[in-house]
Amino acid sequence: NNEKSVPQLLIRDLKFEKKSLAKLMFSPDQENHPSKAPVKYGELIVLGYNGSLPNGDRGRRKSRFALFKRPKANGVKPSTVHIACTPQAAKAISNKDQHSISYTLSRAQTVVVEYTHDSNTDMFQIGRSTESPIDFVVTDTVPGSQSNSDTQSVQSTISRFACRIICERNPPFTARIYAAGFDSSKNIFLGEKAAKWKTSDGQMDGLTTNGVLVMHPRNGFTEDSKPGVWREISVCGNVFSLRETRSAQQRGKMVENETNQLQDGSLIDLCGATLLWRTAEGLARTPTVKHLEALRQEINAARPQCPVGFNTLAFPSMKRKDVVDEKQPWVYLNCGHVHGYHNWGNKEERDGKDRECPMCRSVGPYVPLWLGCEAGFYVDAGPPTHAFSPCGHVCSEKTTAYWSQIPLPHGTHTFHAACPFCAHQLAGEQGYIRLIFQGPLD
């Protein structure tokens with residue numbers, strides 16, 4: 001009834017607007033609108049880097065990788081299964097223009113599963129190889145390393161073609177993870193030694209040498225998040241309990257009621273690097289770098305002081321996140337008292353590592369404080385009031401509490417909590433400490 005009071009022309013325009021909006025949202029040829037912002041499925045962020053790789057992000061090698069809807073679908077799905085009697089016959093079946101997975105059962109038998117084009121999905125591949133099928137090149141994370149020269153000496157345990165993520169091109173843009181990626185000849189090859197088996201419906205499945213582990217947090221990636229259980233994902237995307245060690249021949253038990261679908265905050269471990277998956281919606285709720293910069297300026301504006309030298313302290317700008325500045329705040333990790341750098345209480349016999357806090361006399365490590373600049377690791381937008389121990393990376397209380405509870409895979413069979421900004425193993429009773437700043441005396 002209200003329509004009568006509005007000019008008819010305007011109503012017609014509004015209706016037209018609605019129609020064209022719907023058209024824009026659902027038009028199948030939306031790839032032809034280059035002006036439209038591409039659909040973002042989510043981002044992968046490598047743990048251990050505080051906003052960028054030590055020598056800077058370059059090309060496909062960077063600390064975070066955004067997955068956007070591709071101009072043209074490149075997903076694949078399984079189709080024909082061939083049983084070949086010799087590896088040579090298997091090679092002949094798997095031609096270079098078709099994706100396939102070869103399962104070598106014995107010298108006498110190989111099963112080849114051909115994959116066909118899937119126009120409804122986009123595929124993204126992750127691994128150590130720099131060959132063109134890999135979209136995101138990931139190298140081993142060395143805790144606290146400041147340059148790539150520190151990392152090159154290590155024999156890598158990350159697979160060259162470690163895993164693939166398949167995203168639905170239509171809402172809700174579901175992302176699923178699978179172990180192993182296709183190589184330059186569009187093949188995944190599971191040799192005799194790899195764990196593999198026939199499934200109940202007659203299909204083949206297997207695990208990669210060091211495996212792809214996934215952990216979905218409970219309650220999403222929010223301030224109420226709790227760690228989930230680590231699982232292993234197979235080549236076909238099935239979910240298993242962990243093997244006894246990373247490369248054991250015996251697979252774990254299949255977990256029927258869980259899926260390979262990634263959710264906001266899922267962790268993916270490639271045995272040498274751990275990635276955090278953030279959905280586009282999750283990132284929209286996360287503090288931005290601008291917000292973190294505002295929090296830094298707010299702390300500095302309060303003019304915290306060193307209780308010994310009475311000099312004003314200030315967190316250096318995010319760009320200077322590796323060089324200790326003369327105004328840099330330092331902290332005694334046992335008590336949380338924040339000071340400027342000074343030589344007080346440096347007892348020779350304590351080999352310079354442990355220091356006595358001038359405020360409360362507690363003895364412990366004394367380290368510079370650094371702001372956590374990678375916004376994707378924050379579970380809330382709270383102020384930077386807590387620091388991880390022993391590295392001194394500062395972020396919100398809820399963020400330190402969350403990461404200190406997460407057992408991250410380390411080596412082939414151990415787990416420990418680590419700082420997400422530098423990958424250092426956490427120490428002390430809870431792995432983090434509340435900071436006690438002294439305000440200006442005037």
task = Report, by residue number, each residue of the stretch 232-282 that is in a strand (DSSP E or B) and among the aliphatic types (A, V, I, L, M).
result = 233, 239, 254, 267, 268, 275, 276
key: Residues that are among the small types (Gly, Ala, Ser) and under 21 Å from residue 72 (Cα atoms), drawn from the stretch 123-142   = 132
message = Quick test for you: out of 387, 401, 381, pick the one residue that is part of a loop (DSSP other than H, G, I, E, B) and either closer than 28 Å to residue 242 by Cα or in contact (Cβ under 8 Å) with a residue 24 or more places away in the chain (or both).
response = 381
key: the stretch 415-442 residues that are closer than 14 Å to residue 338 by Cα and not assigned by the TED database to the domain that holds residue 269, paired with ones that are open to solvent by 70 Å² or more (accessible area, probe 1.4 Å) and assigned to a loop (DSSP other than H, G, I, E, B) (beta carbon under 6 Å, 6 or more apart)   = 440/303
message = Quick test of your reading of the structure: residue 318 fulfils all but one of (1) open to solvent by less than 60 Å² (accessible area, probe 1.4 Å); (2) touching a residue at least 40 places away in the same chain (Cβ under 8 Å); (3) outside the structural domain of residue 402 (by the TED database). Name the failing condition by number.
response = (3)
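Let's see how each residue does on (1) open to solvent by 40 Å² or more (accessible area, probe 1.4 Å); (2) farther than 19 Å from residue 413 by Cα:
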site: 189; (1), (2): yes, yes
site: 237; (1), (2): no, yes
site: 244; (1), (2): yes, no
site: 248; (1), (2): no, no
Strands (runs of 3 or more DSSP E) enclosed by the stretch 97-178 - at least 1 residues per element that are in the same structural domain as residue 65 (by the TED database), at pLDDT 90 or above and hydroxyl-bearing (Ser, Thr, Tyr) = 100-106, 109-118, 121-127
ask   = Taking the stretch 286-314, which residues are in contact (Cβ under 8 Å) with a residue 60 or more places away in the chain, in a loop (DSSP other than H, G, I, E, B) and within 32 Å of the chain's Cα centre (by Cα)?
value = 286, 287, 288
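Each row is one residue, and each column tells you yes or no for (1) farther than 30 Å from residue 437 by Cβ; (2) buried (at least 20 other Cβ atoms within 10 Å of the Cβ).
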| position | (1), (2) |
| --- | --- |
| 209 | yes, no |
| 218 | yes, no |
| 228 | yes, no |
| 251 | yes, yes |
| 254 | yes, no |
| 266 | yes, yes |
| 283 | yes, no |
| 289 | no, no |
query = Mind checking which residues of the stretch 185-240 are of a type in the set (Phe, Trp, Tyr) and more than 19 Å from residue 129 (Cα to Cα)?
reply = 197, 221, 230, 240
message = Would you confirm whether or not the stretch 360-367 contains a residue that is surrounded by 15 or more Cβ atoms within 10 Å (Cβ to Cβ), touching a residue at least 40 places away in the same chain (Cβ under 8 Å) and of a type in the set (A, V, I, L, M)?
response = no
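Report whether or not residue 108 is among the small types (Gly, Ala, Ser) and open to solvent by less than 30 Å² (accessible area, probe 1.4 Å).
No; evaluated as a whole, the condition is false for this residue.
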message = Going through 434, 355 one at a time, which residue ends up being open to solvent by less than 20 Å² (accessible area, probe 1.4 Å) and of a type in the set (D, E, K, R)?
response = 355
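The values are calculated or read from the model by the stated rules, or taken from the named source; none is laboratory data. Keep in mind it's a predicted model, so treat the numbers as computed, not measured. Methodologically, a virtual Cβ is constructed for each residue, glycine included, from the backbone with ideal geometry; neighbour enumeration extends over all protein chains shown. The accessibility values were calculated without ligands, DNA or RNA, using every heavy atom of the protein model including side chains. Shrake-Rupley method; radii C 1.70, N 1.55, O 1.52, S 1.80 Å.
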